[in-house]
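The values are calculated or read from the model by the stated rules, or taken from the named source; none is laboratory data. All figures in this text were calculated on a predicted structure; none of them were measured in a lab. With ideal geometry, Cβ positions are generated from the backbone for all residues, glycine too; neighbour counts draw on all protein chains shown.
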């Protein structure tokens, strides 16, 4: 298993340098091709309008989107000059999350930015929507400064289908990492022995797939997101691998606390699968 094609989602209204840098690093590590993708749709005005005025607004919006996607393509192609594989560009006048989820059929992994404080669904693909719809692993990249470290990874284990899928999806990166830690945070003290047995199984399974990992189950439980952040900092993890937990409510994705933290407030990359 490898990442033969990396897809990177570019946003129209925020910086893209960090996610492009990660896409290039993945392409270099796996000799992969890269698909750059961007989409936006007409954002309805806050006031009602119709007729000629409505047509004028639509035309202006389409022109702005077209101009911006041309700029994004130029930024993408400039960044991809370093890769040996093929660089392909795709864009559309559509709702971003819907379009990217559809086009993800062509990729092995999708790179996206974090949610941010305000997200316009007509202009930005919210990773909370993407991770539930892609059917591919999603690598969420924070927009903070500093180098992205892909050599140390933390597997945030929980004995559920989403976590199992995430570890399988992350295997190509885990094999490349020099340091891998598997950790489970126990929310009920009575489950500590079970958690240790589960983590030991995952470490052994990774070993059979060429990944030298170590396991860790803290003696004290507590807030899972906080504990994982402490462990990730201690091992200098550049990527946290986790299952994305959530469900659909009134056509909106409601994420669990840890998943929401990794999507909305990441201090490091998060590889998520659902």
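Conditions tested, residue by residue: (1) within 27 Å of residue 106 (Cα to Cα); (2) touching a residue at least 60 places away in the same chain (Cβ under 8 Å); (3) surrounded by 17 or more Cβ atoms within 10 Å (Cβ to Cβ).
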position	(1), (2), (3)
142	yes, yes, yes
150	yes, yes, yes
153	yes, yes, yes
186	no, no, yes
200	no, no, no
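Of the residues screened, residue 78 is not one that is modelled with pLDDT of 90 or more, under 30 Å from residue 260 (Cα atoms) and surrounded by fewer than 16 Cβ atoms within 10 Å (Cβ to Cβ). Residue 213 falls short on exactly one of the conditions (1) in contact (Cβ under 8 Å) with a residue 40 or more places away in the chain; (2) farther than 16 Å from residue 159 by Cα; (3) within 21 Å of the chain's Cα centre (by Cα), and that condition is (3). Inspect region 162-179 for any residue being outside any loop (DSSP other than H, G, I, E, B), modelled with pLDDT under 95 and more than 23 Å from residue 22 (Cα to Cα) and give the result as yes or no. Scanning region 162-179, I find at least one residue that is outside any loop (DSSP other than H, G, I, E, B), modelled with pLDDT under 95 and more than 23 Å from residue 22 (Cα to Cα), so the answer is yes. Scoring residue 144 on the criteria (1) under 21 Å from the mean Cα position of the chain (by Cα); (2) in a helix (DSSP H, G or I) leaves a single failure, condition (2).
Of the residues 66, 50, 112, which is modelled with pLDDT of 60 or more and either more than 23 Å from the chain's Cα centre (by Cα) or on the phi > 0 side of the Ramachandran plot (or both)?
Exactly one residue qualifies, and that residue is 66.
Taken across region 122-137, residues that are in the same structural domain as residue 68 (by TED's automatic domain parsing), under 21 Å from residue 20 (Cα atoms) and over 15 Å from the mean Cα position of the chain (by Cα) do occur, with at least one present.
Count, please, the residues in region 199-225 that happen to be more than 21 Å from residue 177 (Cβ to Cβ) and not in a loop (DSSP other than H, G, I, E, B). Break it down stepwise before answering.
Step one: of region 199-225, the residues more than 21 Å from residue 177 (Cβ to Cβ) are 218-225.
Narrowing further to those that are not in a loop (DSSP other than H, G, I, E, B): 224-225.
Matching residues across region 199-225 total 2.
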